Amino acid sequence: MKNRNDKTADLRVVGSVALGLRFLRRSFAVGVALFALGSALHTTASQAQTRLKWAHVYETSEPYHKWAVWAGEEFKKRTSGKYEIQVFPASSLGKESDINQGLQLGTVDMIYTGASFAARSFPRLAVSYYPFTFRDADHVIKYGKSEVFRELTEGYKKATNGNTVLALTYYGVRHSTTNKPFKNCDEMKGLKMRVPDAPAYTAMPRACGANPTPIAFAEVYLALQNGTVDAQENPLPTIDAKKFYEVQKHIVMTGHIADALLTIVAPTVWAKMSAAEQKILAEVAQDAAEKATLEIRKSEAELVNVFKGRGINIIEVDRAAFQQRVLKSIEFSSMGLDKRDWDRVVAIK
C-alpha cells in the first residue's frame, strides 16, 4: 500500500497533467483562431487585388514593353497593391485588330495600338496617318497635347462607349525596306509591300502603284523571308527590333508617316476606378509614354549608321515628290477622314 507521501506525489502528477492539458487546449484554440484570422486576411487581400491585362504586339526588347512593365509596377505601388498589371507582349493575346476588339469583349483591359486601328470605331482618329502630315517628331508630340487630339480621342471614347485614351507615345517615322530598290514613286509600281491591316497604311503604296498587302505583324519576317512580299514599311527602331534587316537589302527613307501609339484602357475597367485611381493611372501612362518616346528618338538618330555598318543600302528620296503624288491620288474622304481635321493638325506649331 502507498503511504501518504506517495499519494500526495500522485496527486501532484495528476494535477500537473491536467494543467498541461488545459494549456494545450488553450494554445490549440488560440492557434486555430490565429490561423482563421490569417486566412481571412489573406482572402481579403486576394479579393482586394485586381489584375489587369495590358496587351500589345511589340517585342520585349522594345521601349514600349519596357515602360509598360514599369507603369504596371508603378501603378501597383501607388495604389498600395490594389491593382496588378500584367503586360502581354509580341501578339501573345492576339494581333492588333484582336486586342482592339478585346477592349469591348473584356479579354484585355489595356492596350498599345496605332490610331489607325482604333479608327475602325471612329475613322476621323486616323487623320494623323494621312501620309506626310507631320514635319517631325516634335510635331507628333505637340499633336498629342493639342486641342484637336483631345477632341478626336473624346469622339473615339463616345463611339466605343468608353474606351479612354490615356497617352500618346512616339513610335517613329515609317520608312520602307525592300529587296527591289526604288528611288521614286514610279519605281514602286507592282511592288508587293506588306502594310498593317488598316486602310491608312495603304495610301502611299496605292498612290505609287504598288500592291499593299496586309499581313499580321507577327508574320512579317517570314513573309519577307519566303518572298510572299517584296517590301514592308516601319520605323527604324522597329526594323531593328524585328530584325527585318536580316531579310531585306535596302532601306528607302520614304518617311511617309510619323507614327504614334495610343495607350487605351477599357471602359469596364475605367468605370470601376475611383477618380483618384484614374488620375494615378493616367499619370503613370503618360510618364511611361514620355520615357519610351525619349528612347525611340535617341534610337532613330543612331540607327542609320548602325544599318550602314551592317551592310544595308540606305536610299534617300525626294519626299516632297512622294507627298505630291499622294495628295493628287488619295482623297481624304476615301480614308473616312475630314480634311478640316487634317488642316488643324498640319497647322500645329
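The values are calculated or read from the model by the stated rules, or taken from the named source; none is laboratory data. Here the structure is a predicted model, which is why all the values come from computation and not from measurement. No Cβ is skipped: glycine too gets one built from the backbone with ideal geometry, and neighbour counts run over all protein chains shown. Side chains included, ligands, DNA and RNA excluded: accessible areas come from the protein's heavy atoms. Shrake-Rupley method; radii C 1.70, N 1.55, O 1.52, S 1.80 Å.
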Is the range 275-295 home to any residue that is open to solvent by less than 40 Å² (accessible area, probe 1.4 Å), closer than 16 Å to residue 172 by Cα, touching a residue at least 40 places away in the same chain (Cβ under 8 Å) and of a type outside the set (Gly, Ala, Ser)?
yes
Cβ pairs under 6 Å, 6+ apart or interchain, first in the range 224-248 and in a helix (DSSP H, G or I), second of a type in the set (Asp, Glu), ordered by first then second residue, are 236/300; 241/59; 241/62
Condition set in a loop (DSSP other than H, G, I, E, B) and in contact with a helix residue (DSSP H, G or I) (Cβ under 7 Å, 6 or more places away or on another chain), scope the range 91-104, selection most open to solvent (accessible area, probe 1.4 Å): answer is 95
A careful count of residues in the range 105-136 that are surrounded by fewer than 20 Cβ atoms within 10 Å (Cβ to Cβ) and within 12 Å of the chain's Cα centre (by Cα) gives 0
Those residues of the range 161-192 which are surrounded by 24 or more Cβ atoms within 10 Å (Cβ to Cβ) and either out of contact with any strand residue (DSSP E or B) (no Cβ under 8 Å at 6 or more places or on another chain) or without any contact (Cβ under 8 Å) to a residue 60 or more places away in the chain (or both) amount to 188
Just wondering, is there one or more residues in the range 100-114 that are under 24 Å from residue 283 (Cβ atoms), modelled with pLDDT of 95 or more, of a type outside the set (Ser, Thr, Tyr) and out of contact with any strand residue (DSSP E or B) (no Cβ under 7 Å at 6 or more places or on another chain)? no
Of the residues in the range 61-90 that are hydroxyl-bearing (Ser, Thr, Tyr) and over 18 Å from residue 111 (Cβ atoms), the one that is most open to solvent (accessible area, probe 1.4 Å) is 80
Those residues of the range 44-95 that are hydroxyl-bearing (Ser, Thr, Tyr), in contact (Cβ under 8 Å) with a residue 24 or more places away in the chain and on the phi > 0 side of the Ramachandran plot come to a total of 1
Condition set over 28 Å from the mean Cα position of the chain (by Cα) and under 22 Å from residue 115 (Cβ atoms), scope the range 296-328, selection most open to solvent (accessible area, probe 1.4 Å): answer is 319
Checking 139, 175 in turn, the sole residue that is in contact with a Leu (Cβ under 7 Å, 6 or more places away or on another chain) and more than 26 Å from residue 54 (Cβ to Cβ) turns out to be 175
